[in-house]
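The values are calculated or read from the model by the stated rules, or taken from the named source; none is laboratory data. Just so it is clear, the model here is predicted, and its values are computed rather than measured. Glycine gets a Cβ as well: all are built from the backbone with ideal geometry, and neighbour counts include every protein chain shown.
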Amino acid sequence: MPAFAYRHIKNLYPVFWSKSVEMVKMIEEDLKSRKANGNNDNTVQISNWASRATLDIIGVAGMDHDFDSLRDPENTLNQSYRKIMSSPPLIMKILFVIGMMFGNLTWIHSLPTKRNKDIKQSGEVIRNVARQMIRQKKAKMEDPKAETGIDIISVALSSGTFDEENLVDQSMTFLGAGHETTATALQWAVYALCKNPNVQTRLREEIRANLPSLDDPNPISAAAVDNLPYLNAVCNEVLRFHPSVPMTIRKAVRDTTLADKYIPKDTTFTISPQILNRLEELWGPDANEFNPDRFMGPGKANTGGAVSNYAFLTFLHGPRSCIGQGFAKSELACLIAATVGRFHMEFKFPDAKLEIREGATVSPKDGVLALLTPLEGW
């Protein structure tokens, strides 16, 4: 999809940045409001804000429509996503394992369970919203005086290669995949930075020295963000160490061999970025350590010093790789920069054991409860 090419993504940085700034300022307002009412607790659940911010970003950048989830968390679209992305009950996890054992997962989605019903209803809500946005955009573009938008739908419509239903399908994909995965990545970023305060401090120094203040009204450029080596390194290390989707499923389209093992055609198997991203044979003896410096230095910005480009599997590779990886990394960089630039972050419960929430993505179960302290001077 040409709309995900970098020449288009770079025009979306002002959208990523403005929504990141909006999120940070709303968190600040919330903390000030608490303090004014005698509540000095500065605990923030990162998952809540991250999910709402990324939904707004994909709305503006994808469809030129602000869903306004940051200011209205109870809106229908946000609630529909919450149902789809919620952790499945134990019985669904058991059925998933059974389906994997027999190499067939399609029957699980046809079962008359409450979760399947919720997912179907929520999916219809999201699909109707996508169709409505596409029709509005198409009508707007038919006006000869209207400017061509920079959002993904505008670029796709301008290409003339998509009919309405195909474009709705594409929209469903990037609305779903481009929303919760990045929200999850931001949660893991805050988790990692709370756990590694030295990394947090170093990153903040780079951000404050090179990026404009959150109060600067001028739109930010792609170059301003892309030219920060340590920010890039932290983003890549978060994505390597904590992939939002730790495993995926593939089916062999022909007889093949993997790691000297014969794989017959139609075999269903899993690929785990979580495992391969931390394999010592690919990443070295510190593969299981969070270390952004692996992405610093000549030739390491994209490879992290791994023995192969294919060692970084978060977005997969080949024709079925994630087409939105450039969008996701740029969006994540802006979200991290705005958050770290403004707040000192630490765990609310520093000694608590990490518990995982399993759903469409994998994230800390508590949504990352962090103490955020606003910092002056930026």
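What to note about this one:
- When restricted to residues that are among the small types (Gly, Ala, Ser), without any contact (Cβ under 8 Å) to a residue 60 or more places away in the chain and assigned to a helix (DSSP H, G or I), the range 152-183 contains 1.
- Of the residues making up the range 158-177, none is small (Gly, Ala, Ser), on the phi > 0 side of the Ramachandran plot and at pLDDT below 70.
- Of all residues in the range 353-378 being modelled with pLDDT of 95 or more and aliphatic (A, V, I, L, M), the one that is farthest from Ala223 (Cα to Cα): Leu354
- Hey, Ala139 under 21 Å from Phe16 (Cβ atoms) and either outside any loop (DSSP other than H, G, I, E, B) or at pLDDT below 60 (or both) or not: no
- Per-region count, the range 204-227, residues surrounded by fewer than 11 Cβ atoms within 10 Å (Cβ to Cβ) and touching a Ser or Thr at 6+ places or on another chain (Cβ under 8 Å): 0
- Exclusive hit being closer than 26 Å to Phe312 by Cβ, of a type in the set (S, T, N, Q) and in contact (Cβ under 8 Å) with a residue 12 or more places away in the chain, set Asn198, Asn232: Asn232
- Residue tally, condition under 17 Å from Asn196 (Cβ atoms) and either in contact with a helix residue (DSSP H, G or I) (Cβ under 8 Å, 6 or more places away or on another chain) or touching a residue at least 12 places away in the same chain (Cβ under 8 Å) (or both), over the range 247-295: 10
- Check on His242, without any contact (Cβ under 8 Å) to a residue 60 or more places away in the chain and either surrounded by 21 or more Cβ atoms within 10 Å (Cβ to Cβ) or aliphatic (A, V, I, L, M) (or both): yes
- Residue count for the range 46-71, restricted to those that are touching a Gly at 6+ places or on another chain (Cβ under 8 Å) and either closer than 15 Å to Ala328 by Cβ or touching a residue at least 60 places away in the same chain (Cβ under 8 Å) (or both): 8
- If only residues of the range 142-157 that are among the charged types (D, E, K, R) and closer than 17 Å to Leu12 by Cα are counted, the one that is modelled with the highest pLDDT is Asp151.
- Only one entry in Ala259, Ala252 is over 24 Å from Thr181 (Cα atoms), of a type in the set (Gly, Ala, Ser) and surrounded by fewer than 12 Cβ atoms within 10 Å (Cβ to Cβ), namely Ala259.
- Tally, over the range 27-64, of residues that are loosely packed, with under 15 Cβ neighbours inside 10 Å and farther than 17 Å from Asp366 by Cβ: 11
- Of the criteria (1) out of contact with any strand residue (DSSP E or B) (no Cβ under 6 Å at 6 or more places or on another chain); (2) surrounded by fewer than 16 Cβ atoms within 10 Å (Cβ to Cβ), which one Thr268 fails: (1)
- Unmet requirement for Ile275, which otherwise passes all of (1) more than 22 Å from Tyr230 (Cα to Cα); (2) touching a Ser or Thr at 6+ places or on another chain (Cβ under 8 Å): (2)
- Helices (runs of 4 or more DSSP H) (entirely within the range 1-120) containing at least 1 residues that are more than 21 Å from Val225 (Cβ to Cβ) and at pLDDT 65 or above: 13-36, 46-63, 76-85
- Of the residues making up the range 306-317, just one is farther than 13 Å from Leu279 by Cα and more than 20 Å from the chain's Cα centre (by Cα), namely Asn309.
- Meets criteria (among the small types (Gly, Ala, Ser), touching a Lys or Arg at 6+ places or on another chain (Cβ under 9 Å) and closer than 21 Å to Ala5 by Cβ) for Ser171: yes
- Filter result for Ala209 (modelled with pLDDT of 95 or more and within 30 Å of Val129 (Cα to Cα)): no
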